[in-house]
Amino acid sequence: MNDMESFPSPRKVLILLLVMDAGVGALHLLFSLHPEMGAFFDLAHEENLPTWYSSFQFLLVAGAAVFCHVVEKTVNPQKTISWGWLVVALCMLGLAIDETFQIHETLIDKVMSGNAGNNLRHFFGATRDTDSLLWTVVFAPVLILAGTGLILFYYSRLRTNRVLFRFSLFPLWLLVLSAGLEFMEAKTLSSFAQDPMVRYRQFVFIEEMAELVAASLFVWIHYHYGIWRGTHYQFSDAGEL
């Protein structure tokens, strides 16, 4: 591709994203307990700044995946596997929509309203008011299947850049950590600890920050791959000339 040097460097993009993540985390620490503004900055709340920022991040991930698709189609128009980037983009777009409209919470409420939900709640020792935090358990098979598919797809695209492939595993690990912490939040709120809210808020902060950093890393990995692939093609083409 032409003019790859005119794009911002992947390193600058990553630094900017991580600074923005840190800013959202700092606003939570500074203002989440404020009696009037707290809800707007609290990572544990919905329909506020952190939620909108998270949705925006996944839109960036989807856009970066489309960028990879465009680069691959330009480099090799005959390669049909580039459509996989569009599948990744659609999945990330779905996550962005879910972050805004909390679709998974609606689904988990329906699941937990029946006998299966009662049995699941009893098995994990959780209370009814923590149902929304058990969504990672209910949808674990789907999440595992999606994660495995993403790893295989990244390997198919990044196997010639092993350093970048190894980095692609880190955001997936962060999402696994985040899912585990959501379960721990449910267990904490269901316990009879002296002050469960303190530990709950600690878990929430780590969980939400892990999600934000994971999304930023996904943006960087996609963008880095697109720039690397386009630059490699540009140099190869120049060598042939």
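Computed from the coordinates by the stated procedures, all read-outs in this text should not be read as laboratory data. Because the structure is a prediction, the values reported are computed rather than measured. We place every Cβ from the backbone using ideal geometry, glycine too, and count neighbours over all the protein chains shown.
Residue-wise HN-Hα couplings along region 143-156, as the Karplus relation 6.51 cos²θ - 1.76 cosθ + 1.60 with θ = phi - 60° gives them from phi, are 5, 5, 5, 5, x, 5, x, 5, 4, 5, 5, 4, 5, 5 Hz; Gly and Pro carry x.
In the chain, a dipole from Cβ-located charges (positive for Lys and Arg, negative for Asp and Glu) runs towards its positive end, and of Ala65, Leu30, Ile206 it is Ala65 whose Cα lies farthest in that direction. Each of Val163, Phe41, Gly117 was placed along the dipole of the chain (beta-carbon charges, centred on the mean Cα), and the one lying farthest toward the positive end is Val163. Here region 154-214 has an Rg and Dmax of 15.9, 53 Å, counting Cα atoms alone. Given 10 Å bins starting at zero, what is the percent of C-alpha pairs of region 1-83 in each, up to the one with the largest pair distance? In whole percents, the pair-distance histogram is 16, 32, 24, 17, 9, 2.
Once the chain from Leu177 to Val70 is taken as fully extended at 0.36 nm per residue, the excess over their C-alpha distance is 35.3 nm.
Please give the contour-minus-distance gain from Ile15 to Thr231: 0.36 nm per residue of separation, less the Cα-Cα distance, rounded to one decimal in nm.
On the way: separation 216, 0.36 × 216 = 77.76 nm, distance 2.10 nm.
Separation in residues times 0.36 nm, less the Cα-Cα distance, equals 75.7 nm.
Under unit Cβ charges (Lys, Arg +1; Asp, Glu -1), what dipole magnitude, rounded to 20 debye, does region 4-240 have relative to its Cα centre?
Working: 15 positive and 21 negative charges, 194 e Å.
Once rounded to the nearest 20, the dipole reads 940 debye.
Averaging the Cα positions of each part gives two centres, and for region 63-103 and region 1-45 these lie 23 Å apart.
Counting only helical runs of four or more DSSP H residues, what would the 222 nm mean residue ellipticity of the chain come to if each run contributes -39,500 (n - 2.57) and the total is spread over all its residues? All intermediate terms of the calculation are to be shown ahead of the outcome.
Values: 10 runs with 189 residues, N = 241.
For the chain, the value works out to -27000 deg cm²/dmol.
Here, the chain is characterised by an Rg to Rh ratio of 1.04, where Rg is the alpha-carbon radius of gyration and Rh the Kirkwood radius.
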